[in-house]
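The values are calculated or read from the model by the stated rules, or taken from the named source; none is laboratory data. Treat the numbers as computed from the prediction; the structure is a model and nothing was measured. Cβ placement follows ideal geometry from the backbone for every residue including glycine, while neighbour counts extend to all protein chains displayed.
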Amino acid sequence: MALYASWIGSIVEVALARGSLDPNLAKMLETRRAEGNQGVFRAAGELGEPVRSYVARLIAIENLLAQLPVK
C-alpha cells in the first residue's frame, strides 16, 4: 500500500506543478488502470477497514488524475 500511495503521490506532485500530466506519466497511469483494482483491493482487504478506506481515496485520486489533460 505504501508503494502505491507513494506512486500516486509522485504523480500528483508533478501534475500540480505542471497543471497537466506528462505523457510518460499518463502512459504509466493508463497501464496501471488497465491492470484493474482487484489486487490493490485484495491486499487492502487483508489489512482491514482503515486501509480499505485509504485505498478507496487513492483510487479516487487516480481517477481524477486520469481526467487531467496530457501535455
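Annotations for the structure displayed:
- Subset of region 23-40 (residues that are under 14 Å from Leu3 (Cα atoms) and either polar (S, T, N, Q) or surrounded by 14 or more Cβ atoms within 10 Å (Cβ to Cβ) (or both)): Arg32, Val40
- Residues located in region 19-42, provided they are at pLDDT 90 or above, outside any helix (DSSP H, G or I) and in contact with a helix residue (DSSP H, G or I) (Cβ under 8 Å, 6 or more places away or on another chain): Leu21, Asp22
- For region 1-22, the candidate set comprises residues that are farther than 14 Å from Lys71 by Cβ and in contact (Cβ under 8 Å) with a residue 40 or more places away in the chain; within that set, the residue that is surrounded by the most Cβ atoms within 10 Å (Cβ to Cβ) is Ile11.
- Verdict on Leu68 being surrounded by 14 or more Cβ atoms within 10 Å (Cβ to Cβ) and at pLDDT 95 or above: yes
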